[in-house]
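What follows is calculated from the coordinates using simple rules that are stated; it is not laboratory data. Just so we're clear, the structure is a prediction, and the values are computed from it rather than from any experiment. Neighbour counts are summed over all protein chains in view; Cβ atoms, including those assigned to glycine, are modelled from backbone coordinates with ideal geometry.
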Amino acid sequence: MKLVTAFLRLIRWPNLVFIVVTQCLFYYCIILPFNRIGGVFFFDNRSLVCLILSSVLIAAAGYIINDYFDLNIDRVNKPEKLVVEKIIKRRWAIVWHILLSVTGVLLSVYVDLKERTLWVGFANLLCVLLLFGYSASLKKKFLVGNVLISLLTAWVIIVVFLCYYFNSYYHQFGDYQNLYSYINRLIKLSFVYSGFAFIISLIREVIKDMEDMEGDEKYGCKTMPIVWGIPASKVFTAVWLIVLTGAVIILQFYALHLHWWWSVIYSVVTIIIPLLWILRKLYTAQVAKDYHQLSTAVKLVMLAGILSMVFFKIYS
């Protein structure tokens, strides 16, 4: 039982659940309502399950290889949370990384064959390679690792949309003008949610770098807090917090125009106010515990943002 618990900690199971929730909500709350309106296209359920499983398995493999390469750093930053070598041997970590990565890519290939997408397998193989490169060296580079992880976070949403977008051309439509209108709206929503995921992930990555600065500096990492210092890193993070908060506020005016009152209330209470609290708390943060609290708060805001997709189902 201890080994199972350790393995679940190693693959960050709450984050994997988050991926499942994100992709399911985007498909069932945003894509399907548009399908019902336009009679456009329904993704095969088996293909959807395989697509989600491939994302989950590749992400799990990424967490494993990250902990494999971060063993020395984690001994400094979070010794009490060590799993690799302490509970699970390093060689078994590599075995699990390979097994999960290969299974994830094979599931992607199945989606390609079933839905004639012909690119998902290659794209997810690229994700595996990027996650390996990130863990091995890129995360130690100034800003490169942060941007990469943020892009991969956004990819969780983009891949679902692209599967719909490209596959739609293999089906017959009755009204091409309406089809263009619906897909154009879907592109905008995909951009909104993937952009939200990218920015808030970038914010969290920099905050985590501030939290882990001691161990990172000891083992030669060149993260933003180490290269620029904490004050400049706080300014960088604050700017993106302001940009994100401003963007969410602007979107609420559009929601008000549509009379989505509950959506606006939800966004103000669970996204805008918490973002302002994070911005204020960032200014006073001093020690690793403060940054850990901020990182957790940012993650909760990310979850709240993704859950807001439910309103498209309610008001559709």
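Based on Cβ point charges of +1 for Lys and Arg and -1 for Asp and Glu, what charge dipole magnitude is obtained for the chain about its Cα centre, in debye rounded to the nearest 20?
My answer is approximately 400 debye.
Before rounding to the nearest 500, sum -39500 (n - 2.57) across all DSSP H runs of length at least 4 in the chain and divide by the residue total; then give [θ] at 222 nm in deg cm²/dmol.
-25500 deg cm²/dmol
How large is ³J(HN,Hα), in whole Hz, for each residue of region 303-316 in order, when computed from phi with the Karplus curve 6.51 cos²θ - 1.76 cosθ + 1.60 and θ = phi - 60°, using x for Gly and Pro?
Coupling constants for region 303-316: 4, 4, x, 5, 5, 5, 4, 4, 5, 5, 6, 5, 8, 7 Hz.
Taking a ≥ b ≥ c as the square roots of the Cα gyration tensor eigenvalues, with a/c under 1.5 meaning rounded and otherwise prolate when a/b beats b/c, else oblate, which class fits region 91-245?
Oblate, because a/c is 1.5 or more while a/b does not exceed b/c.
Would you work out which of LEU99, VAL298, VAL111 lies farthest towards the positive end of the dipole of the chain, given +1 charges on the beta-carbon of Lys and Arg and -1 on that of Asp and Glu, about the Cα centre?
Working it through, the farthest residue towards the positive pole turns out to be LEU99.
Name the residue from TYR283, ALA255, SER308 whose Cα lies farthest towards the positive end of the charge dipole of region 161-316, charges +1 on Cβ of Lys and Arg and -1 on Cβ of Asp and Glu.
Farthest towards the positive end: ALA255.
By how many nm would the segment from ARG46 to VAL227 grow when fully extended, if each residue of separation counts as 0.36 nm and the alpha-carbon distance is taken off?
Full extension of this stretch gives 60.5 nm more.
Semi-axes of region 175-298's equivalent ellipsoid from the Cα gyration tensor, sqrt of 5 times each eigenvalue, largest first, rounded to whole Å?
Semi-axes (√(5λ), whole Å): 35, 18, 10.
Is there a pair in LYS2/LYS234; LYS2/LYS140; LYS141/LYS234 whose C-alpha atoms are over 28 Å apart, and which pairs would that be?
Over 28 Å Cα-Cα: LYS2/LYS234; LYS2/LYS140.
Please report, to one decimal in angstroms, the Kirkwood hydrodynamic radius of region 2-314 built from all distinct Cα-Cα pairs.
20.7
Using a 7 Å offset from the Cα along the Cα-to-Cβ direction at both GLN286 and LEU126, what is the distance between the two label points in nm, to one decimal?
Roughly 4.6 nm, to one decimal.
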